[in-house]
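Read through the structure below, which is laid out as structure tokens, and then see the notes.
The values are calculated or read from the model by the stated rules, or taken from the named source; none is laboratory data. Remember, predicted model here, so these are calculated numbers, not experimental data. Please note: Cβ atoms are built from the backbone with ideal geometry, for glycine as well, and neighbour counts cover all protein chains shown. Ligands, DNA and RNA are excluded from the accessible area calculation, which covers all protein heavy atoms including side chains. Shrake-Rupley method; radii C 1.70, N 1.55, O 1.52, S 1.80 Å.
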Amino acid sequence: MSLFKARDWWSASLGEKEEFDQGCLCVADVDNSGTAHDKIIVGSFSGYLRIFSPHPLKPGDGMQAEDLLLEVQLRDPVLQVEVGKFVSGTEILHLAVLHPRKLCVYSVSGTLGNVEHGNQYQMKLMYEHNLQRTACSMTHGPFGGVKGRDLICIQSMDGMLMFFEQESYAFGRYLPGFLLPGPLSYSPKTDSFVTVSSSRQVESYKYQVLAVATDADSRKENEQQKMGAGKKVVADWILNIGEQALDISIVSFNQTSFSIFVLGERNFFCLKESGQIRFMKKLDYSPSCFHPYSSVNDGTINTLVGNHNNMLLVYQDVTLKWAAQLSQTPVAVKVANFRDLKGVIVTLSESGQLQCSYLGTDPSLFQVPKVESRDINYEDLDVEMKELQRIIKEATKTQDILPKMEKDDDLTLVATVLPDLDSVSQAVDGEVESEVIPSVSVKLCVRSRLTLQKAVLLISTPAPLALTQDQFIFDSLEPGVSKTASASVFLKGNYPPADLEGSAVVSYSKPTELNPEGVPRIVQCKFRLPLKLVCFPVQPSKVANHKLTIDTNKPPVNLINLFPEFIDQVEEDQVSVVGFQLLAGQKVTLLASKTSQRYRIQSEQFEDLWLITREFILRFQDYFLKQGIKDFTCSFSGPVPLQEYFELIDQHFELRLNGEKYEALLSERAVQFRAIQRLLLTRFKDKTPTPLQNLDTLLDGTYRQVIGIADAAEELQRNLFRAFTRLKSATQLVILLIGLWQKLNKEQIAILEGTFLPLLKDGQELGWEESVDAALSHLLRTCLSKSSKEQALNLTSHLSIPKDTSRLKKHITLLCERMSKGGRLSLSADSGSQQAAEMQGTPINPSVS
């Protein structure tokens, strides 16, 4: 319950299932009582017209029978009600009621009652006008500066302004460029009409201009204007507010200057009489209605704004002074003076909740009860605290974040890669410059234990590998029935992938007792693609720029046992060399020593060594595992080829810098393009044409530059993605070599992978270089630190693109140096100080660690 609310002074519910809108509420002394006490006039779309004079016995009372002065049912819906001097020969107030096809003016009068039922009120029709067009809204005022009477202007749905001089029809004018009707109001000071067009512009039209313009009795205005008959309807001034308006109100109080208030969908504006913005207020809610009224402070205006959150807000110019809660969303709001209270806020909702309220607060009647004083037993608190600490310790022992799956999963997913390539390649739209691009089929089998609805299967492969179809939808899965899906994988991009491992995920909803619609669940599996998908056998090359030597602890193995699909005909028993040609890369050669336990892998490009080296080690492990040998190990004697790795880092970083330059240049050209557009628009809008001074040529040239720079930036992004893939391949190769060099276990290799490969995708805002540098700095500060001073260094929390890669290269070199001196990777808190002491030669107590 809100403390600040609109205090209910009087309220009434109008009818049943009736609808009301903005123009259905009016507050005025409609019966000319002479007491300056207002009455509330309400019309509805159902044709009911009601007049109220609230007199509650105490604040908060509902409507009494005597509060309703008059209720009549008219034949047509009531669009708007207004009170003014609408009858000639007299200056007393009359009631104007606007129907879709009729305008009626009534006099409301009351006679003193002789019995206890009170006064009697009645409505008398003074005159009416049948409209030729469907009406939307109306406004009134002393048009043309007439004295002692009000004229009426009605806006039709097709954009015609119809003017009535009380009992007679004067003329009609069409608004230029009309599409949909907007709010309309009359300004007596400037003798003009202000509206908001469908172009989201506030437009002001002088009454004199409308009066002398071409007659608009027919819709042939354009043809008449072309023939020179009459004058055009031209706006006095136009202001673009960039949004549609809900209402317009024009106020002029004694202590404030003349102002035009426009309520938009997200802002409300205060304009001067010349159309200049005096001030504006940006709203963070959707307004429904507003009403400006005079302020007690000189030079300021208060504004009531209702919104769709059932709130009523009071602004003094642009400053929020009060916010109150309403019971309904208001569509119209007024301020009235009654006999018992002045300044009452009258609101009307769409469903007919009429409420008179004032601003106030609810007093807090809650009192905090007294707490019984009791002695604290500290021994019992200690026992309870130890028990809670024990429960917390047991709960934090398990490090599993994801919930454990049941032994028998509800759904199983099995992926199978066919051993042979597709007889007919399924590759489409490939960028690889090769005569034949092979493809391989992957079959996925989904089996469920339950009846499931709409399971979605997604397949993903590392770029630039692509799939013929990556998504399958199973409308229903029956228990024990298998559903299969098949897709072909092929190389699409013109560069080798960084990995040959794909993944498949099935997402489904499992119904439960608490949630019949189902709880989201996923099942995933991985599959390994064959090496022959990205390369084919060639004649080996004995010369190469980059070479790696891998040592093993087992006798030499015939390479035909490791790569049988790459060796067709064998004349000799022992095969010691195999050649691989990457589809989108260089040739890679694998040589085996016939006398020692060494193997050499060489290529013209450093990053192309990764796929063959990784496949070579995996096949070695599988070969010895099938023979029952479990103590097989590989090793790398070093040094780690950091210079070749650093060249790839520099190439990737240079592309990132060029990307920033392209972005800055594109932003500069876009600013220039918009500036030229503004100049051209100013020239075109000028009433007196002036030469363009080659601005059109400059605009065309700037447009071509923007398109050219954008195309170059797109090409750079593609090159940057290729460079990141090559860098990822080289990074994985370096991690593998460091692991073989220092004989790291799986946990330590996982730390290296998390350090060097923190991002799945590279970007301008967060790139690979700054992310890896921050991770390396953390390792060098903790587990690989040389002293306690390094552990005390604080890292910056802000990651931004560096000026160069020298700091990153230095940290990578330090990592390799400290690991060669005995440093070990660990995420525990005590390992850093222990290893720092070991690297300095200081003895430590083993019990401490």
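Quick notes on this structure:
- Any hit, the range 420-432, residues being closer than 30 Å to residue 727 by Cβ, open to solvent by less than 40 Å² (accessible area, probe 1.4 Å), modelled with pLDDT of 90 or more and touching a Pro at 6+ places or on another chain (Cβ under 8 Å): no
- Residues of the range 118-167 satisfying the condition of being open to solvent by 50 Å² or more (accessible area, probe 1.4 Å), touching a residue at least 60 places away in the same chain (Cβ under 8 Å) and either basic (Lys, Arg) or within 17 Å of residue 189 (Cα to Cα) (or both): 149
- Per the listing 747, 715, the residue uniquely modelled with pLDDT under 90, outside the structural domain of residue 493 (by the TED database) and of a type in the set (Asp, Glu) is 747.
- Index of the failed condition, residue 440 passing every other in (1) open to solvent by less than 70 Å² (accessible area, probe 1.4 Å); (2) within 37 Å of the chain's Cα centre (by Cα); (3) modelled with pLDDT of 90 or more: (2)
Quick grid of which residues meet (1) farther than 26 Å from residue 802 by Cα; (2) open to solvent by 20 Å² or more (accessible area, probe 1.4 Å); (3) free of Cβ contacts under 8 Å to residues at least 40 places away in the same chain; (4) not polar (S, T, N, Q):
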{"site": "736", "(1), (2), (3), (4)": "yes, yes, no, yes"}
{"site": "741", "(1), (2), (3), (4)": "yes, yes, no, yes"}
{"site": "746", "(1), (2), (3), (4)": "yes, yes, yes, yes"}
{"site": "749", "(1), (2), (3), (4)": "yes, yes, yes, yes"}
{"site": "756", "(1), (2), (3), (4)": "no, no, yes, yes"}
{"site": "759", "(1), (2), (3), (4)": "no, yes, yes, yes"}
{"site": "766", "(1), (2), (3), (4)": "no, yes, yes, yes"}
{"site": "769", "(1), (2), (3), (4)": "no, no, no, yes"}
{"site": "774", "(1), (2), (3), (4)": "no, yes, yes, yes"}
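- Among (1) in contact with a Ser or Thr (Cβ under 9 Å, 6 or more places away or on another chain); (2) surrounded by 17 or more Cβ atoms within 10 Å (Cβ to Cβ); (3) farther than 28 Å from residue 257 by Cα, the one test that residue 348 misses: (1)
- Within the range 247-270, the residues that satisfy the criterion of being of a type in the set (Val, Ile, Thr) and either surrounded by fewer than 20 Cβ atoms within 10 Å (Cβ to Cβ) or not in a strand (DSSP E or B) (or both) are 251, 256.
- Residue satisfying condition, being closer than 24 Å to residue 180 by Cα and either at pLDDT below 90 or not β-branched (Val, Ile, Thr) (or both), within set 276, 201: 201
- Scope the range 277-302; condition assigned to a strand (DSSP E or B) and either without any contact (Cβ under 8 Å) to a residue 12 or more places away in the chain or under 13 Å from residue 247 (Cα atoms) (or both); matching residues: 287, 288, 289, 290, 291, 292
- The single condition among (1) over 21 Å from residue 45 (Cα atoms); (2) open to solvent by 30 Å² or more (accessible area, probe 1.4 Å); (3) assigned to a loop (DSSP other than H, G, I, E, B) that residue 190 does not meet is (2).
- Scanning the range 475-488 turns up one or more residues that are open to solvent by 30 Å² or more (accessible area, probe 1.4 Å) and within 30 Å of residue 582 (Cβ to Cβ).
- Residue list for the range 617-672, filter: open to solvent by 40 Å² or more (accessible area, probe 1.4 Å) and among the β-branched types (Val, Ile, Thr): 629, 633, 671
- Scanning the range 22-32 for residues that are open to solvent by 20 Å² or more (accessible area, probe 1.4 Å), modelled with pLDDT under 90, assigned to a loop (DSSP other than H, G, I, E, B) and in contact with a Ser or Thr (Cβ under 7 Å, 6 or more places away or on another chain) turns up at least one hit.
- Looking across the range 50-98, the residues that are open to solvent by less than 10 Å² (accessible area, probe 1.4 Å), under 23 Å from residue 163 (Cβ atoms), assigned to a strand (DSSP E or B) and in contact with a Leu (Cβ under 8 Å, 6 or more places away or on another chain) come down to 81, 84, 96, 97, 98.
- A count restricted to the range 2-21 and to residues that are open to solvent by 20 Å² or more (accessible area, probe 1.4 Å) and small (Gly, Ala, Ser) stands at 4.
- Pairs are defined by a Cβ separation below 6 Å, a sequence spacing of at least 6 or placement on different chains, a first member in the range 309-336 that is open to solvent by 60 Å² or more (accessible area, probe 1.4 Å), and a second member that is small (Gly, Ala, Ser) and not in a strand (DSSP E or B); the pairs so defined are 325/2.
- Condition broken by residue 158, with the remaining ones in (1) of a type outside the set (Lys, Arg); (2) part of a strand (DSSP E or B); (3) under 27 Å from residue 249 (Cβ atoms) satisfied: (2)
- Single condition residue 469 does not satisfy, out of (1) without any contact (Cβ under 8 Å) to a residue 60 or more places away in the chain; (2) outside any loop (DSSP other than H, G, I, E, B): (2)
- Here 382, 410 are screened, and the one residue that is among the charged types (D, E, K, R) and at pLDDT 90 or above is 382.
- Filtering the range 679-696 to residues that are open to solvent by 90 Å² or more (accessible area, probe 1.4 Å) and either part of a helix (DSSP H, G or I) or at pLDDT 90 or above (or both) leaves 679, 681, 682, 684, 685.
- The range 18-71: number of residues that are on the phi > 0 side of the Ramachandran plot and free of Cβ contacts under 8 Å to residues at least 24 places away in the same chain: 1
- Here residue 222 passes the criteria (1) in a loop (DSSP other than H, G, I, E, B); (2) modelled with pLDDT under 90; (3) more than 26 Å from residue 100 (Cα to Cα) except the one numbered (1).
- Counting the residues of the range 810-826 that are open to solvent by 20 Å² or more (accessible area, probe 1.4 Å) and in contact (Cβ under 8 Å) with a residue 40 or more places away in the chain gives 4.
- Residue list for the range 496-540, restricted to those being outside any strand (DSSP E or B) and open to solvent by less than 40 Å² (accessible area, probe 1.4 Å): 496, 497, 498, 500, 518, 529, 530, 531, 533, 534
- Residue within the range 234-246 that is on the phi > 0 side of the Ramachandran plot and surrounded by fewer than 20 Cβ atoms within 10 Å (Cβ to Cβ) present: yes
- Scanning the range 700-734 for residues that are open to solvent by less than 50 Å² (accessible area, probe 1.4 Å) and of a type in the set (Phe, Trp, Tyr) yields a single hit, 724.
- With respect to (1) of a type in the set (S, T, N, Q); (2) out of contact with any helix residue (DSSP H, G or I) (no Cβ under 8 Å at 6 or more places or on another chain); (3) closer than 20 Å to residue 186 by Cβ, the lone exception for residue 109 is condition (3).
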